[in-house]
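No lab work stands behind these numbers, since they all come straight from the coordinates. Note that the coordinates shown come from a computational prediction; the quantities given were computed from them, not determined experimentally. Glycine gets a Cβ as well: all are built from the backbone with ideal geometry, and neighbour counts include every protein chain shown.
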Amino acid sequence: MPEVALVIPSYWSRPRPEVWRPGDAVYDHPTPLDAEGTLRRTLESLQVLPRRDFRLVVLAVPTSDEIAAAVERRVEAIVREAAVRLAVPWSVFGPSQLARVHAELERRGLGHLKDLLRLRGYANVRNLCVFVPHVLGADTAVLIDDDEVFEDPDFMDKALEAVGRTLGGEPVYAVAGYYRQPDGGFLVPEPAEAWARAWGQVEAMNRAFKAYIGRPPRYKVTPFAFGGNLVLHRALFTRVPFDPGVPRGEDIDYVINARIFGFKVFLDRTLAIRHRPPPKTHPAWRRLREDVLRFVYEREKIRGQTGLPGTVRVRAEDFDPYPGAFLKDDLELGAERAARALAEAYRRQGDPEGAREVLRTLELMHAALDDPGDPFSDLVRLQRRWTELMRALSRPELRRGLARALAGA
């Protein structure tokens, strides 16, 4: 039977009231160290699963090195208690384990690759979500987030049913599920704010969800994925990494990367998990900025393709209606429209600093357009280095050394 890891990254910030300092990593809603958080709730919901033939892997992700040790202790205590009740093997991976992994790579002459493994930024964390299971011998990684709740007793059976097999002659190495919203449906509530309507992101997402989740057949090649409900096989995750060049939306970006290297992601319209996130703690201007810059980056990645051997040329239209709607020539117009509406809303609220930050987003967008770099070539270099690291892990002595590093031996 294939080895399976259920992997949950858990993000933690400084205690209240400070929570965040300049220089700390930015995530949507990390748990303050003095708060209960959502991880325990997610782990308790695993009780609904009769099938537990997996290793539980939880990544302890601090927003700052200054709280790293405290975050590791907190996460380990929560996971240990839950794993005992669940009767499953478990591992916690945090900054101390990462330091030991880096030291082992240095010792084995692979120090030039250790920068691929970092606990800062969504894409880097996702790469560790597959690296750790790979070291532990897993064939499949089931990626979940710590603000979700399992409700379907058949979740693991569904998650593993198709992965590693073929559908219509196509190999299946990635299966995406979806999130159930608070109302039980899969559509994201339509925004009331004028700037969000002008941006049109939720509208495009819901068009995609209706087409891919709302209609049969069960499995479809999908243009989007949710990183908190994603099943990856080693045939894919040892070949294609998450790209740290995107500030957010690393899950959908992974669909693009996979397609460029010849892999398709399938959506299973029966694979659902309840999403119960706490409120976002960062302002609207920051979220808009990160989305605008990632779409500029991804559009340039697609435009910059060179037909390199081993890659497949993709088009923005391959990812319609979402994210494809934001990868085309009218991206700048949509961003300008949304930003100016948001800036006006800030002014009406008496927040000139918020308005300035929104307009700063447009400056950053135009700077990125003037000097976009070469995201496609950067991805190709990243992929080559990632596969070098994955090939090195086929050496039994390195695998054993890294497994000892994960265990703290």
What does the charge count near Glu190 come to, summing +1 for each Lys or Arg and -1 for each Asp or Glu among other residues with Cβ under 14 Å from its Cβ? 0
Looking only at lysines whose Cα falls under 27 Å of Lys264's and that sit 8 or more positions away or on another chain, we get Lys158, Lys210, Lys220, Lys301, Lys328
To the nearest 0.05, what FRET efficiency results for Ser394 and Asp115 with a Förster distance of 25 Å applied to their C-beta separation? 0.75
Excluding Arg337 itself, what net charge comes from residues whose Cβ is under 12 Å from its Cβ, given Lys and Arg +1 and Asp and Glu -1? -2
Suppose R0 equals 51 Å; then what is the FRET efficiency for Asp371 and Lys210 from their Cβ-Cβ distance, rounded to the nearest 0.05? 0.85
Ordering of 235-244, 399-408 by burial proxy (mean other Cβ atoms within 10 Å per residue, highest first): 235-244, 399-408
On a C-alpha basis, how far is the centre of the range 30-88 from the centre of the range 373-402 in Å? Whole number, if you could? 28
Note down the nm distance, to one decimal, between modelled labels 7 Å out along Cα→Cβ at Arg404 and at Arg385. 2.7
Test of understanding: what is the full-extension gain from Asp65 to Lys328, defined as 0.36 nm times their sequence separation minus their Cα-Cα distance? 90.8 nm
Distance from a point 7 Å along Cα→Cβ of Thr166 to each backbone N in the range 242-272: keep the residues under 18 Å and list them by number. 262-266
Charge tally in the Cβ shell below 12 Å around Val88, where Lys, Arg are +1 and Asp, Glu are -1, Val88 excluded: +4
Thr306 paired with Asp154, simple spin-label distance in nm, labels 7 Å along Cα-to-beta-carbon: 4.9
In percent, how large is the relative contact order of the chain, given Cα pairs closer than 8 Å and 6 or more residues apart? 18
Could you order peptides 208-216, 18-26 by the average number of other Cβ atoms within 10 Å of their residues, highest first? 208-216, 18-26
Label Val84 and Glu317 with points 7 Å out from Cα along Cα→Cβ: what is the distance between them in nm? 6.0
